[in-house]
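Student: Have a look at the structure that comes next, please.
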Amino acid sequence: MNSKVTEIAPDVYRISMFHPAYGIQFNQFLIKDDEPFLMHTGFKKMFSATLEGVSSVIAPSELRWIGFSHFESDECGALNEWLGVAPRAQALCSFVGAMVTVNDFADRLARALSDNEALEIGRHRLRFLATPHVPHCWDAGLFFEEKDRTLLCSDLFFHPGDPEPIIESGVVERAREAIIANLTGPLAKDMPYTPYTDSALHRLAALEPQTLALMHGSSFRGDGRAAIMSLAEIIRETIGKLQS
């Protein structure tokens, strides 16, 4: 697999690989700054492709921070490979993630972030929001780049295929189709609907993101608040009703 690199917002680079066996894209996001930040490591077996993409933007050894939403192979499977090529790099994750999984798995201790904690990386500032079970897993959290209002969405708005790098319409419709398709089959029930789901999504919408950086599928540029509120309604009317 080869990586495709696209700047989707100022200093925010989408590094995308299409995996034909899965039929979906795996997208990492690099924020180029004084202390470069990588969101998602990708699978361990995809490390060379991700490394190729990062190398087209910065020297990999300069990487300082490695973020991910939750402990899963596509989120952080290649974490130790990145720690090996970037001597100053450190994982960023939730307190739960650091305590329960990451600090046992990683070759260097992670920096555990509190809910709503901000991190200055140079021109950009990242805010961490703990979002347990959104999109899934107890340790989940998301990062919001405040300068240009980019929300790093992890699995939210998932849609399959090998679509274009960024779109300005249609992301909600694509997500709706994927959610309905995933209600049955071997990977069904990937996202739980809990008493906290709506409030977590409404909190993300209140950030009023201008760019949504999706791990699987096209990123979206536009009214992020409206898109997230629509997604919340879709999840409530599909997954929520199924689990009630």
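The values are calculated or read from the model by the stated rules, or taken from the named source; none is laboratory data. What you are looking at is a predicted structure, and each value in this text was computed from that prediction instead of being measured. Neighbour counts run over all protein chains shown; Cβ positions are idealised from the backbone, glycine included. Areas reflect the complete protein model, heavy atoms only, side chains present, ligands, DNA and RNA absent. Shrake-Rupley method; radii C 1.70, N 1.55, O 1.52, S 1.80 Å.
Student: Kindly provide the set of residues from the stretch 36-56 that are surrounded by 17 or more Cβ atoms within 10 Å (Cβ to Cβ) and in contact (Cβ under 8 Å) with a residue 40 or more places away in the chain, ordered by number.
Tutor: 36, 37, 38, 39, 40, 41, 46, 49, 50, 53
Student: Conditions first: (1) under 17 Å from the mean Cα position of the chain (by Cα); (2) over 22 Å from residue 14 (Cβ atoms). Residue 214 passes all but one, so which condition is the exception?
Tutor: With (1) under 17 Å from the mean Cα position of the chain (by Cα); (2) over 22 Å from residue 14 (Cβ atoms) applied to residue 214, the lone miss is (2).
Student: May I pose another question? Is it the case, given these coordinates, that residue 185 is out of contact with any Ser or Thr (no Cβ under 8 Å at 6 or more places or on another chain), open to solvent by less than 10 Å² (accessible area, probe 1.4 Å), part of a loop (DSSP other than H, G, I, E, B) and closer than 30 Å to residue 17 by Cβ?
Tutor: no
Student: Can you name every residue in the stretch 133-146 that is touching a residue at least 40 places away in the same chain (Cβ under 8 Å), of a type outside the set (Val, Ile, Thr) and either buried (at least 22 other Cβ atoms within 10 Å of the Cβ) or in a loop (DSSP other than H, G, I, E, B) (or both)?
Tutor: Matches in the stretch 133-146: 133, 135, 136, 137, 138, 139, 140, 141, 142, 143, 145.
Student: Looking at the stretch 100-132, which of its residues are touching an Asp or Glu at 6+ places or on another chain (Cβ under 9 Å), farther than 20 Å from residue 46 by Cα and either in a helix (DSSP H, G or I) or open to solvent by 50 Å² or more (accessible area, probe 1.4 Å) (or both)?
Tutor: 100, 101, 120, 123, 125, 132
Student: Here is a further query. Report every pair of residues separated by at least 6 positions or lying on different chains whose Cβ atoms are under 9 Å apart, first residue within the stretch 157-180 and under 23 Å from residue 21 (Cβ atoms) and touching a residue at least 40 places away in the same chain (Cβ under 8 Å), second part of a loop (DSSP other than H, G, I, E, B) and among the charged types (D, E, K, R).
Tutor: 158/190
Student: Being in a loop (DSSP other than H, G, I, E, B) and free of Cβ contacts under 8 Å to residues at least 24 places away in the same chain is the filter; apply it to the stretch 1-35 and report the residue that is surrounded by the fewest Cβ atoms within 10 Å (Cβ to Cβ).
Tutor: 21
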